[in-house]
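S.K.: Have a look at this one before I ask anything.
Bear in mind these aren't lab numbers, they're just calculated from the coordinates by the rules spelled out. As the structure is a computational prediction, the values presented were derived from the model and not from experiment. Cβ placement follows ideal geometry from the backbone for every residue including glycine, while neighbour counts extend to all protein chains displayed.
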Amino acid sequence: MSTVDSAVPAGGVPPNPWLPRPFRVEERVAETGDTVTLCLRPEDGTAPPPFAPGQFNMVYRFGVGEVAVSISGDPARPEELRHTVRAAGKISESLAGAAPGETVGVRGPYGTGWPMERLAGRDVVVVAGGLGLPPLRPALLEILAHRERYGRLEVIYGARSPPDLVYYDEVQTWRRRSDLRIQVTVDAAGREWYGDVGLVTARLPDARFDPPRTGALLCGPEIMMRLTARALEQAGVPADRIFLSMERNMKCGIGSCGHCQFGQSFVCRDGPVFPYSALRDRLDRREI
Amino acid sequence: MTDTRFPTPERIPIEDHPFFHGFDAGFLHRVGAAAEERTFAADEFLFHEGTPARAFYLVQEGKVALEIGAGGGPPLTIQTIGAREVIGWSWLVPPHRWRFDARALKPTRLHSIDAAALRAAIDADPLQGYRLLRRLVPVLAERLEMARLQVLDVHRR
Ligand SMILES: Cc1cc2nc3c(=O)[nH]c(=O)nc-3n(C[C@H](O)[C@H](O)[C@H](O)COP(=O)(O)OP(=O)(O)OC[C@H]3O[C@@H](n4cnc5c(N)ncnc54)[C@H](O)[C@@H]3O)c2cc1C
Ligand code: FES
């Protein structure tokens, strides 16, 4: 693909933030009926840039378009770039269909990420709804890699139905660990499911954490994050230590186009992670 | 004053369940006298949709699935209820019939309060009855919020 090859600067030239870098799909793992994880490697053999948990890339499907996708890999191993994509529209559907050996464009990483330093020494509550787990996975891996830096770790993961749960095997391995507690719940299920059914907020009373010394990371549908943030604040977790990852449609990803405007902020530049204290008023209003 | 610390064998200490924390001793005594302990094995039904709602359940341990018939298809679990939670309000609202099936998902122990006696206790002591309603409304609200999210299908925008 000549347009793409020419987009990659030769050694030493600072990369143009607008130009995607070609990555080869190394592996494609089907997570659910409509969601896949793509493992990507730069085609030029160099290392992908390091990233912070919660950051995202703009991922380009040539000839189709570009979408923001959170990085779901291990921050300690940036050489393995991982993205989990749900086929939700034209671009994501095409991206989710990318087969091993195919090329996609990547620019980033962008965004502020989860403020891991503000969680040090604290109990951590992680609440993921649906495709909210992939952006939280790097934060979880970081906490597990430096477990002594943090207090208790409580994870609540909710999805629409049992077949919609992503990272199933990994979640099972987390369940077996003694240094974290994970509760999985779904909105509705058939008879074969013996787990919990209900809102993620209904699982909070079973989570063990000391609210005043807790930090919380939330990612998922906005209404779910709003209900969870409210419940956590009510339980005594300070609003400026409840962090939400917001989703807005993006175009440039670098604060130039205004597409991702959310009140006074641009989600790509000032977020996607914001403290609840800064969002509360905006979240309660519609159409912002 | 009635000594509530030492329950007589015929009185279930319902105040041990969070739902009944903080009620008057007399009310607890009256309601506790109408309660009994029940156990269900995994997959055993507590009750079926459409049948008379004759009890209010306080879950002590275990887990119960509330199921609805999904338009002729296989039943759908719409909520699970575990220890320290309560089951249902159909016992309070006419026509006093269950709106769903309840099935134990694992061995479950609960306190079952006779619905007619509970309604009579509420009518006899409106202040305690009001307190009970205030405890029950959040249970209803959660079910409503859940139903709203299920209708919105928020995970699939
Ligand atoms: C910071 C950030 C991180 C993100 N991380 C991820 C991630 O990790 N994984 C991920 O999968 N996504 C992620 N997203 C979302 C992603 O960027 C896209 O918004 C999403 O993939 C949909 O883009 P699309 O262009 O494919 O769909 P769009 O065309 O924008 O469609 C989006 C919605 O419109 C509906 N729609 C589309 N076409 C039609 C049609 N013809 N008729 C009716 N309805 C239609 C779809 O059903 C869908 O609900 C993230 C977004 C942000 C901002
Ligand atoms: S996507 Fe352009 S400003 Fe955020």
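S.K.: Taking the Cα atoms only, what angle lies between the long axis of helix A:222-235 and the longest principal axis of chain A, rounded to 10 degrees?
M.R.: Around 40 degrees separate the two axes.
S.K.: Give the cross-link partners of A:Lys251 among the lysines, using a straight C-alpha distance below 17 Å as the criterion and excluding same-chain residues fewer than 8 apart.
M.R.: Partners found: A:Lys90.
S.K.: Determine the sum of side-chain charges near A:Val155: Lys and Arg each +1, Asp and Glu each -1, restricted to other residues whose C-beta is under 14 angstrom from that of A:Val155.
M.R.: +2
S.K.: Post the alpha-carbon centroid distance, the stretch A:210-281 to the stretch A:26-74, in whole angstrom.
M.R.: The two parts, judged by their Cα centres, are 23 Å apart.
S.K.: What FRET efficiency, computed as 1/(1 + (r/R0)^6) with R0 = 30 Å and r the Cβ-Cβ distance, is obtained for A:Ala145 and B:Leu144, rounded to the nearest 0.05? Don't jump to the answer; show the numbers that get you there.
M.R.: Values: r = 41 Å, r/R0 = 1.37.
E(calc), rounded to 0.05, equals 0.15.
S.K.: Oh, and also: Just to check I understand the Karplus step: with θ = phi - 60° and J = 6.51 cos²θ - 1.76 cosθ + 1.60, what whole-Hz values come out for the stretch B:29-36, glycine and proline as x?
M.R.: Coupling constants for the stretch B:29-36: 5, 5, 6, x, 5, 9, 10, 9 Hz.
S.K.: Do you know the relative contact order of chain B, to the nearest whole percent, from alpha carbon pairs under 8 angstrom that are 6+ apart?
M.R.: 27
S.K.: Checking the cross-link filter: which lysines have an alpha carbon closer than 18 Å to that of B:Lys63, excluding same-chain neighbours under 8 positions apart?
M.R.: Result set, ordered by chain and number: B:Lys106.
S.K.: In deg cm²/dmol and to the nearest 500, what is the mean residue ellipticity at 222 nm of the protein assembly as shown if only DSSP H runs of at least 4 residues count, each as -39500 (n - 2.57), divided by the residue total?
M.R.: -7000 deg cm²/dmol
S.K.: Using the alpha-carbon atoms, what tilt in degrees (0 to 90, nearest 10) does helix B:126-152 show relative to the longest principal axis of chain B?
M.R.: 10
S.K.: By per-residue mean of other Cβ atoms within 10 Å, what is the highest-first order of A:130-141, B:55-66?
M.R.: Details: A:130-141: 24.8, B:55-66: 21.8.
Ranked from most to least packed, the peptides come out as A:130-141, B:55-66.
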